[in-house]
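Remarks on the structure that follows.
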Amino acid sequence: MRLGSSHFRQTITRAILPVCLILSGGCGCAVGQTLSSASYRIKPSEVALPQGVVPGQYRRMIQPFPNWTLICDENLKKKQRTCNITQTIVDGSGALAFSWSLAATSSGQPLMIVRVPAEVGAGGTVAIGFADGKNTVNAKTENCDQNVCLALVPIGPALRKQINSQSDTQVTYASPRQQDGKVVINTTFKGLPTALAAIK
């Protein structure tokens, strides 16, 4: 079909007209009428930029795996990338019950960053047990804010073995909200080695 043909022009007119009606107020608004934007705003990115980083020079990659999610942040200007592998457990209402991330210190040593609800309080114990009943890890919470308390767990040979074996785990911590005074969560390391192998 030639671009200059009469049939082509008629076809384009029929196709564009409904769109023009919509754009020009076919929804019931008078032509030229504008809606108040006082109640609307642009939602900021959920990725918080580190101090000094210019927007557009920071990139986040999220890659889901079974039971775990690989998250890598990259400073494009400095060509630096940091990654962690996170698992989050929520309760019936969707609130955080437990979360841990496999990350690394500035010197490259692997560790688990454990997060529990703030009600646990600083100095609380988070017990991480394994299916074989051996080498239970007891982590002490340190820093707390109004939402969570953190505990750091170095990855030693025993914990590394449990990760490589993709063991099932049981997490226990004290909670004043529970009738029996504690929270017990069953979870697993399954999928973690696969996510770890994806970091290149």
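With the condition kept exactly as written, say whether any residue in the stretch 180-192 is touching a residue at least 12 places away in the same chain (Cβ under 8 Å), within 27 Å of Gln63 (Cβ to Cβ) and part of a helix (DSSP H, G or I).
Yes: the stretch 180-192 contains one or more residues that are touching a residue at least 12 places away in the same chain (Cβ under 8 Å), within 27 Å of Gln63 (Cβ to Cβ) and part of a helix (DSSP H, G or I).
Consider the stretch 69-93. How many of its residues are more than 16 Å from Arg160 (Cβ to Cβ), in contact (Cβ under 8 Å) with a residue 60 or more places away in the chain and among the hydrophobic types (A, V, I, L, M, F, W, C)?
Start the filter on the stretch 69-93 by keeping residues that are more than 16 Å from Arg160 (Cβ to Cβ), which leaves 69-84, 86-93.
If we keep only those that are in contact (Cβ under 8 Å) with a residue 60 or more places away in the chain as well, we get 69-70, 72, 83, 87, 89.
If we keep only those that are among the hydrophobic types (A, V, I, L, M, F, W, C) too, we end up with 70, 72, 83, 89.
Selection size over the stretch 69-93: 4.
Of the numbered conditions (1) touching a residue at least 24 places away in the same chain (Cβ under 8 Å); (2) outside any strand (DSSP E or B); (3) closer than 17 Å to Ala104 by Cβ, Leu152 fails exactly one; give the number of that condition.
Of (1) touching a residue at least 24 places away in the same chain (Cβ under 8 Å); (2) outside any strand (DSSP E or B); (3) closer than 17 Å to Ala104 by Cβ, only one is false for Leu152: (2).
Could you list, in sequence order, all residues of the stretch 46-62 that are surrounded by 10 or more Cβ atoms within 10 Å (Cβ to Cβ) and either closer than 25 Å to Asn186 by Cβ or charged (D, E, K, R) (or both)?
Arg59, Arg60
Could you tell me whether Asn84 is surrounded by 13 or more Cβ atoms within 10 Å (Cβ to Cβ) and on the phi > 0 side of the Ramachandran plot?
no
With respect to Val114, determine if the residue is modelled with pLDDT of 95 or more and on the phi < 0 side of the Ramachandran plot.
Yes; evaluated as a whole, the condition is true for this residue.
Based on what the data block shows, is Thr105 hydroxyl-bearing (Ser, Thr, Tyr), out of contact with any Cys (no Cβ under 9 Å at 6 or more places or on another chain), closer than 30 Å to Ser175 by Cα and modelled with pLDDT under 90? Quick ask: steps written out before the conclusion?
Working: hydroxyl-bearing (Ser, Thr, Tyr): yes; out of contact with any Cys (no Cβ under 9 Å at 6 or more places or on another chain): yes; closer than 30 Å to Ser175 by Cα: yes; modelled with pLDDT under 90: yes.
So Thr105 passes the test.
Taking the criterion of being in contact (Cβ under 8 Å) with a residue 24 or more places away in the chain and assigned to a helix (DSSP H, G or I), would at least one residue in the stretch 94-114 satisfy it?
no
Go through the stretch 115-129 and give me each residue that's surrounded by 12 or more Cβ atoms within 10 Å (Cβ to Cβ) and without any contact (Cβ under 8 Å) to a residue 40 or more places away in the chain.
Once the filter is applied, which keeps residues that are surrounded by 12 or more Cβ atoms within 10 Å (Cβ to Cβ) and without any contact (Cβ under 8 Å) to a residue 40 or more places away in the chain, the stretch 115-129 yields Arg115, Ala118, Gly121, Ala122.
Going through the stretch 155-165 one residue at a time, which ones are of a type in the set (S, T, N, Q) and either part of a helix (DSSP H, G or I) or buried (at least 17 other Cβ atoms within 10 Å of the Cβ) (or both)?
Of everything in the stretch 155-165, those that are of a type in the set (S, T, N, Q) and either part of a helix (DSSP H, G or I) or buried (at least 17 other Cβ atoms within 10 Å of the Cβ) (or both) turn out to be Gln162, Asn164.
Would you mind telling me which numbered condition in (1) surrounded by 19 or more Cβ atoms within 10 Å (Cβ to Cβ); (2) assigned to a strand (DSSP E or B); (3) in contact with an Asp or Glu (Cβ under 9 Å, 6 or more places away or on another chain); (4) not β-branched (Val, Ile, Thr) Ala139 fails?
Just one mismatch for Ala139, condition (3).
The values are calculated or read from the model by the stated rules, or taken from the named source; none is laboratory data. Just so it is clear, the model here is predicted, and its values are computed rather than measured. Glycine also receives a Cβ, built like all others from the backbone with ideal geometry; neighbour counts cover every protein chain displayed.
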